[in-house]
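*Asks:* Please find one structure pasted underneath; my questions will follow.
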Amino acid sequence: MTVTYGCLEAMLTAMLEALIFDVDGTLADTERDGHRLAFNAAFAENGLPWSWDESLYGELLAVTGGKERIRFFAEQHDPGFLLQTEVDSAIKSLHAAKTRHYLALLEAGGIPMLPGVVRLINEARVAGIRLAIATTTTPENVTTLLRASLAPEALSWFEVIGAGDVVPAKKPAPDIYLWVLDQLGLPANVCLALEDSANGLKASLGAGLPTLITESEYTHGHDFSGALAVLSDLGEPGAPSVVHAGSMHGKALVDLELLRIWHQRAFDKN
């Protein structure tokens with residue numbers, strides 16, 4: 001069999017070289033007993049009569065970004081809050097308080113990584129697959145989660161961390177993924193994204209990235225059209241992933257071999 005230069009080039013471009021992870025709901029279940037509680041603690045600390053229960057918080061997650069979420073809530077439920085002078089500074093200060101409470105929760109080790117995350121990251125590192133993060137949460141949230149819930153030296157495992165306001169347009173805009181790809185110096189077709197939400201999927205697909213979805217409690221039932229597959233989690237030995245959409249090709253958990261199968265098939269379709 002003769003392999004032409006064009007065929008060889010196509011095969012090489014399709015090789016999986018990097019994984020790009022979202023954080024909240026993808027690396028760890030940070031929302032219900034992390035961010036939500038931290039928002040409520042910040043509200044109480046600042047004398048605000050706001051309290052976000054799980055149902056309301058699930059609705060608010062449609063708004064990407066903590067400061068943006070505070071503003072949206074005020075517009076809908078307490079418009080008088082927005083009439084104060086220096087409202088932008090007030091929102092920034094409120095969000096900073098929330099971040100402080102959230103980091104304290106992380107430091108206490110109260111937010112473990114989701115099933116399969118540590119296993120898959122370790123497998124990728126051994127195989128020489130590059131790792132990156134693309135998230136709208138603040139950089140401090142990311143670094144503290146990695147250090148407290150993954151490993152003290154875990155920050156060094158990720159070559160690029162795109163977080164917070166590094167780009168002005170938040171997900172579902174593709175900007176954060178485009179920024180990470182630029183920093184990696186890689187085209188989208190040699191990378192694979194891992195996400196948990198419809199906004200995250202729109203962002204990753206908008207950047208041209210094949211994307212695996214692991215649903216969180218708050219994103220179950222989202223429209224995940226275009227995802228490689230939709231799973232409960234990455235799975236562990238003895239605790240297989242539950243498939244909500246797509247195929248795991250006979251496997252019980254997500255490993256590097258399965259990611260390569262999904263990635264190659266996405267590349268072949270294009």
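*Asks:* Provide a single number: the residues in segment 234-270 that are surrounded by 14 or more Cβ atoms within 10 Å (Cβ to Cβ), of a type in the set (Asp, Glu) and over 13 Å from Glu123 (Cβ atoms).
*Replies:* 0
*Asks:* What are the residue pairs meeting all of these: first residue in segment 102-125, first residue at positive phi, second residue modelled with pLDDT of 95 or more and buried (at least 21 other Cβ atoms within 10 Å of the Cβ), Cβ atoms under 8 Å, and 6 or more apart or on different chains?
*Replies:* Gly116/Asp233; Gly116/Leu234; Gly116/Gly235; Gly116/Ser241; Gly116/Val254
*Asks:* Residue pairs, Cβ under 7 Å, 6 or more apart or interchain, first in segment 189-205 and outside the structural domain of Asp233 (by TED's automatic domain parsing), second surrounded by fewer than 24 Cβ atoms within 10 Å (Cβ to Cβ) and part of a loop (DSSP other than H, G, I, E, B). List them.
*Replies:* From residues that are outside the structural domain of Asp233 (by TED's automatic domain parsing), there are no pairs.
*Asks:* Inside segment 168-188, can you point out the residues that are free of Cβ contacts under 8 Å to residues at least 60 places away in the same chain, crowded, with 19+ Cβ neighbours inside 10 Å and assigned to a loop (DSSP other than H, G, I, E, B)?
*Replies:* Within segment 168-188, Pro174 is the sole residue that qualifies.
*Asks:* Would you be able to tell me the number of residues in segment 237-270 that are over 18 Å from Gly226 (Cα atoms), outside any helix (DSSP H, G or I) and free of Cβ contacts under 8 Å to residues at least 40 places away in the same chain? It would help to see each step written out before you state the result.
*Replies:* Taking segment 237-270 and keeping what is over 18 Å from Gly226 (Cα atoms), we get 237-242, 250-257.
Applying the additional criterion that residues be outside any helix (DSSP H, G or I) yields 237-242, 250-255.
Among the residues that remain, those that are also free of Cβ contacts under 8 Å to residues at least 40 places away in the same chain are: 237-238, 240, 242, 250-252.
Number satisfying all stated conditions: 7.
*Asks:* Would you confirm, using the coordinates I've provided, whether Asp78 is closer than 26 Å to Asp175 by Cα, modelled with pLDDT of 95 or more, acidic (Asp, Glu) and not assigned by TED's automatic domain parsing to the domain that holds Ala169? Before you say what the answer is, go through the steps one by one.
*Replies:* Details: closer than 26 Å to Asp175 by Cα: no; modelled with pLDDT of 95 or more: yes; acidic (Asp, Glu): yes; not assigned by TED's automatic domain parsing to the domain that holds Ala169: yes.
Answer is no for this residue.
*Asks:* Which is in a loop (DSSP other than H, G, I, E, B), within 17 Å of the chain's Cα centre (by Cα) and touching a residue at least 40 places away in the same chain (Cβ under 8 Å), of Thr136, Thr144?
*Replies:* Working: Thr144 fails: in a loop (DSSP other than H, G, I, E, B).
Exactly one of Thr136, Thr144 is in a loop (DSSP other than H, G, I, E, B), within 17 Å of the chain's Cα centre (by Cα) and touching a residue at least 40 places away in the same chain (Cβ under 8 Å), namely Thr136.
*Asks:* A further question on this structure: Tell me the residue from Leu94, Leu19 that is part of a strand (DSSP E or B) and buried (at least 21 other Cβ atoms within 10 Å of the Cβ), please.
*Replies:* Values: Leu94 fails: part of a strand (DSSP E or B).
Going through Leu94, Leu19 in turn, the sole match is Leu19.
*Asks:* Going through segment 220-236 one residue at a time, which ones are assigned to a loop (DSSP other than H, G, I, E, B) and closer than 20 Å to Ser204 by Cβ?
*Replies:* Looking only at segment 220-236, we keep the residues that are assigned to a loop (DSSP other than H, G, I, E, B), and these are 220-228, 232-235.
Those that are assigned to a loop (DSSP other than H, G, I, E, B) and closer than 20 Å to Ser204 by Cβ: His220, Gly221, His222, Asp223, Phe224, Ser225, Gly226, Ala227, Leu228, Ser232, Asp233, Leu234.
*Asks:* May I pose another question? Please work out if Thr99 is at pLDDT 90 or above and either out of contact with any Gly (no Cβ under 9 Å at 6 or more places or on another chain) or outside any helix (DSSP H, G or I) (or both). Before the answer, list the steps.
*Replies:* Values: at pLDDT 90 or above: yes; either out of contact with any Gly (no Cβ under 9 Å at 6 or more places or on another chain) or outside any helix (DSSP H, G or I) (or both): no.
Against the criterion (at pLDDT 90 or above and either out of contact with any Gly (no Cβ under 9 Å at 6 or more places or on another chain) or outside any helix (DSSP H, G or I) (or both)), Thr99 does not qualify.
*Asks:* Let me ask another. Any idea which of Phe43, Phe72 is part of a helix (DSSP H, G or I), without any contact (Cβ under 8 Å) to a residue 24 or more places away in the chain and either outside the structural domain of Asp255 (by TED's automatic domain parsing) or surrounded by fewer than 17 Cβ atoms within 10 Å (Cβ to Cβ) (or both)?
*Replies:* Residue meeting the stated conditions: Phe72.
*Asks:* Here is a follow-up. Which numbered condition trips up Ala154, out of (1) surrounded by fewer than 20 Cβ atoms within 10 Å (Cβ to Cβ); (2) modelled with pLDDT under 90; (3) within 30 Å of Val242 (Cβ to Cβ)?
*Replies:* (2) is the only condition that Ala154 fails.
The values are calculated or read from the model by the stated rules, or taken from the named source; none is laboratory data. Computed from a prediction, not measured in an experiment: that's the story for all the values here. Methodologically, a virtual Cβ is constructed for each residue, glycine included, from the backbone with ideal geometry; neighbour enumeration extends over all protein chains shown.
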